[in-house]
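The values are calculated or read from the model by the stated rules, or taken from the named source; none is laboratory data. All figures in this text were calculated on a predicted structure; none of them were measured in a lab. Backbone-built Cβ (ideal geometry, glycine too); neighbour counts: all protein chains shown. Protein only, heavy atoms only, side chains kept; ligands, DNA and RNA dropped before computing areas. Shrake-Rupley method; radii C 1.70, N 1.55, O 1.52, S 1.80 Å.
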Amino acid sequence: TCSQPHPHFYFGSPEMKVITNDRIFIDPLIVYVEDMPVFALPFGLYFENKTGRRSGIVIPTFFFSNLNGITFENLGYYFALSDYYDTQFSANIYSKTGFLLSNSTRYVYQKSLSGDFNLSFGHRRDNTDSDYLDNWKFDLNHRQTLTPQASITANLRFSSQDFNRTFLTNINQRVQQEISSYASFTQSFDNGTSFSTAFSRSQNIIYGTYTMRPTMSFNVPQIFPFKKLVASDNWIGDIAFNYQTGAQYTDTRSLAIKLADTAQNRYDTSFSDSYSFSINHSPSISISPKLGYFSITPNISYRENWYIRRKTKSIN
(Lines give C-alpha, C1' and ligand atoms only; values in the text may rest on other atoms or scores of the structure.)
Protein backbone atom coordinates (compact mmCIF):
# COMPACT_ATOMS: atom_id res chain seq x y z
CA THR A 1 0.00 0.00 0.00
CA CYS A 2 1.15 3.54 -0.75
CA SER A 3 2.61 5.28 2.33
CA GLN A 4 0.92 8.64 1.70
CA PRO A 5 -1.77 9.86 4.16
CA HIS A 6 -4.29 9.35 1.37
CA PRO A 7 -2.75 6.36 -0.50
CA HIS A 8 -2.45 6.46 -4.28
CA PHE A 9 -3.09 2.69 -4.39
CA TYR A 10 -4.39 0.22 -1.83
CA PHE A 11 -6.32 -3.01 -1.29
CA GLY A 12 -9.93 -2.71 -0.23
CA SER A 13 -13.25 -4.53 -0.06
CA PRO A 14 -16.90 -3.58 0.52
CA GLU A 15 -17.25 -6.39 3.08
CA MET A 16 -14.67 -7.23 5.73
CA LYS A 17 -14.72 -8.97 9.08
CA VAL A 18 -11.81 -9.12 11.54
CA ILE A 19 -11.69 -11.71 14.32
CA THR A 20 -8.88 -10.84 16.74
CA ASN A 21 -6.07 -13.40 16.79
CA ASP A 22 -7.97 -15.60 14.36
CA ARG A 23 -8.84 -14.54 10.78
CA ILE A 24 -9.60 -11.63 8.46
CA PHE A 25 -12.41 -12.20 5.93
CA ILE A 26 -12.58 -10.21 2.68
CA ASP A 27 -15.23 -10.49 -0.06
CA PRO A 28 -14.01 -9.64 -2.66
CA LEU A 29 -10.40 -8.31 -2.72
CA ILE A 30 -10.11 -5.16 -4.91
CA VAL A 31 -7.03 -3.19 -5.97
CA TYR A 32 -7.66 0.58 -6.07
CA VAL A 33 -5.49 3.14 -7.86
CA GLU A 34 -6.40 6.79 -7.26
CA ASP A 35 -9.60 5.45 -5.64
CA MET A 36 -10.53 3.70 -8.89
CA PRO A 37 -10.97 -0.12 -8.83
CA VAL A 38 -8.61 -1.65 -11.43
CA PHE A 39 -8.48 -5.31 -10.43
CA ALA A 40 -10.55 -7.68 -8.31
CA LEU A 41 -10.59 -11.32 -7.28
CA PRO A 42 -14.25 -12.33 -7.79
CA PHE A 43 -14.46 -14.55 -4.71
CA GLY A 44 -14.14 -14.30 -0.97
CA LEU A 45 -10.82 -14.74 0.83
CA TYR A 46 -9.62 -15.07 4.38
CA PHE A 47 -6.21 -14.55 5.95
CA GLU A 48 -5.00 -15.94 9.22
CA ASN A 49 -4.51 -13.26 11.85
CA LYS A 50 -2.56 -15.27 14.40
CA THR A 51 0.86 -14.68 15.89
CA GLY A 52 3.79 -16.96 15.16
CA ARG A 53 4.85 -18.78 12.02
CA ARG A 54 1.82 -19.36 9.76
CA SER A 55 1.00 -20.27 6.18
CA GLY A 56 -0.65 -17.57 4.16
CA ILE A 57 -0.74 -15.28 1.14
CA VAL A 58 2.21 -12.96 0.61
CA ILE A 59 0.85 -9.50 -0.17
CA PRO A 60 2.57 -8.23 -3.33
CA THR A 61 3.99 -4.86 -4.27
CA PHE A 62 1.89 -3.18 -6.93
CA PHE A 63 2.85 -0.29 -9.22
CA PHE A 64 2.73 1.00 -12.81
CA SER A 65 5.76 1.14 -15.11
CA ASN A 66 6.08 2.69 -18.56
CA LEU A 67 8.26 -0.23 -19.66
CA ASN A 68 6.62 -3.17 -17.88
CA GLY A 69 3.03 -1.94 -17.56
CA ILE A 70 0.96 -3.10 -14.57
CA THR A 71 3.43 -4.82 -12.23
CA PHE A 72 2.88 -7.21 -9.32
CA GLU A 73 6.07 -8.21 -7.47
CA ASN A 74 6.36 -11.00 -4.88
CA LEU A 75 2.80 -12.22 -5.28
CA GLY A 76 2.75 -15.67 -3.70
CA TYR A 77 1.96 -18.05 -0.90
CA TYR A 78 4.06 -19.16 2.08
CA PHE A 79 3.68 -22.72 3.41
CA ALA A 80 4.77 -23.34 7.00
CA LEU A 81 4.73 -27.09 6.43
CA SER A 82 6.35 -28.23 9.68
CA ASP A 83 8.95 -27.31 12.28
CA TYR A 84 11.62 -28.74 9.97
CA TYR A 85 10.96 -27.15 6.59
CA ASP A 86 8.97 -24.48 4.80
CA THR A 87 8.58 -23.24 1.25
CA GLN A 88 7.36 -20.15 -0.56
CA PHE A 89 6.09 -19.79 -4.11
CA SER A 90 6.09 -16.31 -5.61
CA ALA A 91 5.60 -14.59 -8.94
CA ASN A 92 6.49 -11.27 -10.52
CA ILE A 93 3.95 -10.36 -13.20
CA TYR A 94 4.61 -7.68 -15.83
CA SER A 95 1.64 -7.03 -18.11
CA LYS A 96 3.84 -5.89 -21.02
CA THR A 97 7.07 -7.86 -20.68
CA GLY A 98 6.42 -11.27 -19.09
CA PHE A 99 6.73 -13.00 -15.72
CA LEU A 100 9.10 -14.60 -13.20
CA LEU A 101 8.20 -17.66 -11.12
CA SER A 102 10.24 -18.54 -8.03
CA ASN A 103 10.35 -21.11 -5.26
CA SER A 104 12.40 -20.85 -2.08
CA THR A 105 12.59 -23.80 0.32
CA ARG A 106 14.41 -24.12 3.65
CA TYR A 107 14.98 -27.19 5.82
CA VAL A 108 16.69 -27.96 9.11
CA TYR A 109 16.85 -30.99 11.41
CA GLN A 110 18.46 -30.53 14.82
CA LYS A 111 22.19 -29.74 14.34
CA SER A 112 22.93 -32.44 11.78
CA LEU A 113 21.11 -31.18 8.68
CA SER A 114 20.29 -27.75 7.28
CA GLY A 115 20.10 -26.00 3.96
CA ASP A 116 18.01 -24.20 1.39
CA PHE A 117 17.46 -24.12 -2.35
CA ASN A 118 16.03 -21.53 -4.70
CA LEU A 119 14.66 -22.13 -8.19
CA SER A 120 13.56 -19.38 -10.59
CA PHE A 121 12.18 -19.44 -14.12
CA GLY A 122 11.40 -16.36 -16.16
CA HIS A 123 9.75 -15.67 -19.51
CA ARG A 124 10.39 -12.04 -20.39
CA ARG A 125 11.39 -9.55 -23.07
CA ASP A 126 13.31 -6.29 -22.83
CA ASN A 127 10.51 -4.25 -24.43
CA THR A 128 7.34 -4.73 -26.45
CA ASP A 129 9.31 -4.90 -29.72
CA SER A 130 11.65 -7.70 -28.57
CA ASP A 131 11.15 -11.47 -28.53
CA TYR A 132 10.46 -13.35 -25.31
CA LEU A 133 13.43 -15.23 -23.82
CA ASP A 134 13.43 -17.99 -21.20
CA ASN A 135 15.93 -17.74 -18.33
CA TRP A 136 16.46 -19.79 -15.18
CA LYS A 137 18.55 -19.91 -12.02
CA PHE A 138 19.17 -22.57 -9.37
CA ASP A 139 21.00 -22.22 -6.01
CA LEU A 140 21.57 -24.92 -3.39
CA ASN A 141 23.18 -24.70 0.06
CA HIS A 142 23.43 -27.96 1.98
CA ARG A 143 25.21 -28.88 5.22
CA GLN A 144 24.93 -32.33 6.76
CA THR A 145 26.76 -34.24 9.48
CA LEU A 146 26.41 -37.92 8.60
CA THR A 147 28.36 -39.22 11.62
CA PRO A 148 30.68 -37.55 14.13
CA GLN A 149 33.47 -38.36 11.66
CA ALA A 150 31.78 -37.67 8.29
CA SER A 151 30.18 -34.55 6.84
CA ILE A 152 28.94 -33.11 3.55
CA THR A 153 28.96 -29.49 2.42
CA ALA A 154 27.57 -28.19 -0.88
CA ASN A 155 27.17 -24.67 -2.28
CA LEU A 156 26.00 -24.91 -5.89
CA ARG A 157 25.15 -22.08 -8.31
CA PHE A 158 23.79 -22.54 -11.83
CA SER A 159 22.27 -19.91 -14.09
CA SER A 160 21.35 -19.17 -17.69
CA GLN A 161 23.30 -16.50 -19.52
CA ASP A 162 20.94 -13.53 -19.22
CA PHE A 163 19.10 -14.19 -15.95
CA ASN A 164 20.98 -11.58 -13.88
CA ARG A 165 20.66 -8.85 -16.51
CA THR A 166 16.97 -9.58 -17.12
CA PHE A 167 15.50 -10.00 -13.65
CA LEU A 168 17.81 -8.61 -10.95
CA THR A 169 17.59 -4.95 -9.95
CA ASN A 170 20.72 -4.63 -7.79
CA ILE A 171 23.48 -3.17 -10.00
CA ASN A 172 26.21 -5.35 -8.43
CA GLN A 173 24.19 -8.49 -9.12
CA ARG A 174 23.26 -7.42 -12.66
CA VAL A 175 26.89 -7.06 -13.75
CA GLN A 176 28.02 -10.30 -12.09
CA GLN A 177 29.59 -12.64 -14.64
CA GLU A 178 31.32 -15.30 -12.54
CA ILE A 179 29.44 -17.93 -10.53
CA SER A 180 31.11 -20.65 -8.48
CA SER A 181 30.00 -23.99 -7.07
CA TYR A 182 31.67 -26.14 -4.45
CA ALA A 183 30.89 -29.46 -2.77
CA SER A 184 32.95 -31.64 -0.43
CA PHE A 185 32.80 -34.85 1.59
CA THR A 186 35.18 -35.61 4.45
CA GLN A 187 35.63 -38.81 6.46
CA SER A 188 38.03 -39.58 9.30
CA PHE A 189 38.65 -42.98 10.88
CA ASP A 190 39.47 -44.19 14.37
CA ASN A 191 43.04 -45.09 13.38
CA GLY A 192 43.74 -41.49 12.32
CA THR A 193 43.50 -41.93 8.57
CA SER A 194 41.29 -39.50 6.66
CA PHE A 195 39.63 -39.32 3.26
CA SER A 196 38.16 -36.34 1.45
CA THR A 197 36.77 -35.57 -1.98
CA ALA A 198 35.67 -32.23 -3.42
CA PHE A 199 34.21 -30.69 -6.55
CA SER A 200 34.59 -27.07 -7.65
CA ARG A 201 33.35 -25.27 -10.73
CA SER A 202 33.86 -21.67 -11.80
CA GLN A 203 31.83 -20.42 -14.76
CA ASN A 204 31.59 -17.21 -16.75
CA ILE A 205 27.87 -17.09 -17.61
CA ILE A 206 28.37 -14.38 -20.24
CA TYR A 207 31.05 -16.06 -22.37
CA GLY A 208 30.31 -19.70 -21.51
CA THR A 209 33.84 -20.47 -20.25
CA TYR A 210 34.44 -22.56 -17.15
CA THR A 211 36.94 -24.51 -15.07
CA MET A 212 35.79 -27.73 -13.39
CA ARG A 213 38.00 -29.54 -10.87
CA PRO A 214 37.14 -32.72 -8.91
CA THR A 215 39.76 -33.78 -6.34
CA MET A 216 40.37 -36.67 -3.94
CA SER A 217 42.88 -37.17 -1.13
CA PHE A 218 43.76 -39.92 1.35
CA ASN A 219 46.11 -39.45 4.29
CA VAL A 220 47.72 -42.04 6.54
CA PRO A 221 49.12 -40.40 9.71
CA GLN A 222 52.50 -41.22 11.16
CA ILE A 223 52.66 -44.86 12.24
CA PHE A 224 55.42 -47.02 13.78
CA PRO A 225 55.05 -50.39 12.02
CA PHE A 226 57.91 -52.12 13.95
CA LYS A 227 57.08 -50.79 17.41
CA LYS A 228 55.38 -53.96 18.60
CA LEU A 229 57.80 -56.31 16.87
CA VAL A 230 61.00 -55.35 18.69
CA ALA A 231 62.09 -54.52 22.21
CA SER A 232 61.26 -51.08 23.59
CA ASP A 233 64.91 -49.99 23.57
CA ASN A 234 65.54 -51.11 19.98
CA TRP A 235 66.05 -48.20 17.55
CA ILE A 236 64.14 -50.09 14.83
CA GLY A 237 60.92 -49.40 16.74
CA ASP A 238 61.47 -45.66 16.19
CA ILE A 239 61.07 -45.98 12.42
CA ALA A 240 57.98 -44.01 11.40
CA PHE A 241 56.00 -44.16 8.15
CA ASN A 242 53.67 -41.57 6.62
CA TYR A 243 51.72 -41.71 3.35
CA GLN A 244 49.57 -39.26 1.36
CA THR A 245 47.91 -39.69 -1.99
CA GLY A 246 45.59 -37.57 -4.08
CA ALA A 247 43.99 -37.31 -7.50
CA GLN A 248 42.97 -34.26 -9.53
CA TYR A 249 40.99 -33.87 -12.70
CA THR A 250 40.70 -30.50 -14.45
CA ASP A 251 38.39 -29.63 -17.33
CA THR A 252 38.78 -26.13 -18.74
CA ARG A 253 36.98 -24.33 -21.56
CA SER A 254 38.65 -21.08 -22.60
CA LEU A 255 37.81 -18.39 -25.14
CA ALA A 256 40.19 -17.02 -27.77
CA ILE A 257 39.41 -13.86 -29.77
CA LYS A 258 41.67 -13.06 -32.73
CA LEU A 259 41.64 -10.19 -35.20
CA ALA A 260 40.84 -11.81 -38.56
CA ASP A 261 40.46 -8.77 -40.81
CA THR A 262 42.11 -5.47 -39.90
CA ALA A 263 40.37 -3.51 -42.66
CA GLN A 264 36.88 -4.56 -41.65
CA ASN A 265 37.75 -4.83 -37.94
CA ARG A 266 36.43 -8.41 -37.91
CA TYR A 267 37.25 -10.90 -35.16
CA ASP A 268 37.18 -14.68 -35.02
CA THR A 269 36.02 -16.30 -31.81
CA SER A 270 36.87 -19.87 -30.89
CA PHE A 271 36.62 -22.09 -27.82
CA SER A 272 39.23 -24.60 -26.76
CA ASP A 273 38.77 -27.47 -24.30
CA SER A 274 41.64 -28.92 -22.26
CA TYR A 275 41.66 -31.84 -19.85
CA SER A 276 44.26 -33.04 -17.38
CA PHE A 277 44.30 -35.88 -14.85
CA SER A 278 46.95 -36.85 -12.33
CA ILE A 279 47.50 -39.02 -9.27
CA ASN A 280 50.24 -38.18 -6.78
CA HIS A 281 51.88 -40.28 -4.07
CA SER A 282 53.94 -38.91 -1.17
CA PRO A 283 55.36 -41.57 1.17
CA SER A 284 58.00 -40.71 3.76
CA ILE A 285 60.11 -42.59 6.33
CA SER A 286 61.76 -41.05 9.38
CA ILE A 287 63.59 -42.26 12.49
CA SER A 288 64.58 -40.52 15.75
CA PRO A 289 66.99 -42.72 17.72
CA LYS A 290 68.42 -41.31 20.97
CA LEU A 291 72.17 -41.47 21.56
CA GLY A 292 72.59 -40.45 25.16
CA TYR A 293 71.69 -36.76 25.36
CA PHE A 294 71.54 -36.48 21.57
CA SER A 295 68.98 -37.57 18.98
CA ILE A 296 69.39 -37.94 15.24
CA THR A 297 66.37 -37.56 12.94
CA PRO A 298 67.09 -38.62 9.36
CA ASN A 299 64.13 -38.48 6.97
CA ILE A 300 63.51 -39.91 3.52
CA SER A 301 60.62 -38.56 1.45
CA TYR A 302 59.54 -39.36 -2.08
CA ARG A 303 56.95 -37.91 -4.43
CA GLU A 304 55.61 -39.44 -7.62
CA ASN A 305 52.97 -38.06 -9.99
CA TRP A 306 51.06 -40.16 -12.49
CA TYR A 307 49.74 -38.23 -15.51
CA ILE A 308 47.41 -40.16 -17.75
CA ARG A 309 47.21 -38.12 -20.95
CA ARG A 310 45.99 -34.80 -22.22
CA LYS A 311 43.86 -33.82 -25.21
CA THR A 312 43.35 -30.35 -26.60
CA LYS A 313 40.34 -29.71 -28.86
CA SER A 314 39.49 -26.55 -30.73
CA ILE A 315 36.06 -25.52 -32.00
CA ASN A 316 35.71 -22.67 -34.48
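Give the residues of region 139-166 that are under 27 Å from Ile205 (Cα atoms), over 18 Å from the mean Cα position of the chain (by Cα) and either assigned to a strand (DSSP E or B) or not polar (S, T, N, Q) (or both), sorted by residue number. Break it down into steps so the answer makes sense when it comes.
Residues of region 139-166 that are under 27 Å from Ile205 (Cα atoms), as a first pass: 139-143, 152-166.
Imposing the further condition that a residue be over 18 Å from the mean Cα position of the chain (by Cα) reduces the set to 165-166.
Answer for region 139-166, where residues must be under 27 Å from Ile205 (Cα atoms), over 18 Å from the mean Cα position of the chain (by Cα) and either assigned to a strand (DSSP E or B) or not polar (S, T, N, Q) (or both): just Arg165.
Looking at Asn204, Asn219, Asn242, which one is farther than 30 Å from Ser160 by Cα and within 30 Å of the chain's Cα centre (by Cα)?
Selected residue: Asn219, the only one of Asn204, Asn219, Asn242 that is farther than 30 Å from Ser160 by Cα and within 30 Å of the chain's Cα centre (by Cα).
Starting from region 211-235, take each residue that is of a type in the set (Gly, Ala, Ser) and list its partners that are in a strand (DSSP E or B) and open to solvent by 60 Å² or more (accessible area, probe 1.4 Å), counting only C-beta distances under 8 angstrom and pairs at least six apart or across chains.
Going by the 8 Å Cβ cut-off, the qualifying pairs are Ser217/Phe195; Ser217/Gln244.
Identify the single condition in (1) open to solvent by less than 60 Å² (accessible area, probe 1.4 Å); (2) modelled with pLDDT under 85; (3) farther than 30 Å from Ile206 by Cβ that Ser295 does not satisfy, given that it satisfies every other one.
Unmet for Ser295, out of (1) open to solvent by less than 60 Å² (accessible area, probe 1.4 Å); (2) modelled with pLDDT under 85; (3) farther than 30 Å from Ile206 by Cβ: (1).
Return the total of residues in region 75-101 being open to solvent by 30 Å² or more (accessible area, probe 1.4 Å), touching a residue at least 24 places away in the same chain (Cβ under 8 Å) and of a type in the set (Gly, Ala, Ser).
1
Considering every residue within region 271-294, establish whether at least one is farther than 29 Å from Ala231 by Cα and of a type in the set (Val, Ile, Thr).
yes
Could you figure out which of (1) modelled with pLDDT of 75 or more; (2) within 30 Å of Gly237 (Cβ to Cβ) isn't true of Pro289?
Single failed check for Pro289: (1).
Quick check on my filter: what residues within region 261-272 are part of a strand (DSSP E or B) and open to solvent by 50 Å² or more (accessible area, probe 1.4 Å)? Steps first, answer last, please.
To start, the set of residues in region 261-272 that are part of a strand (DSSP E or B) comprises 261, 266-272.
Arg266, Tyr267, Asp268, Thr269, Phe271 - these are the residues of region 261-272 that are part of a strand (DSSP E or B) and open to solvent by 50 Å² or more (accessible area, probe 1.4 Å).
Taking the options Tyr275, Tyr243, Tyr302, Tyr207, name whichever one is within 30 Å of Val175 (Cβ to Cβ), free of Cβ contacts under 8 Å to residues at least 60 places away in the same chain and either open to solvent by 40 Å² or more (accessible area, probe 1.4 Å) or hydroxyl-bearing (Ser, Thr, Tyr) (or both).
On the way: Tyr275 fails: within 30 Å of Val175 (Cβ to Cβ); Tyr243 fails: within 30 Å of Val175 (Cβ to Cβ); Tyr302 fails: within 30 Å of Val175 (Cβ to Cβ).
One residue alone meets the criteria, Tyr207.
Taking only region 3-49 into account, find how many residues are loosely packed, with under 13 Cβ neighbours inside 10 Å and on the phi < 0 side of the Ramachandran plot.
Count: 17.
Of the residues in region 144-195, how many are of a type in the set (S, T, N, Q) and in contact with a Gly (Cβ under 8 Å, 6 or more places away or on another chain)?
3
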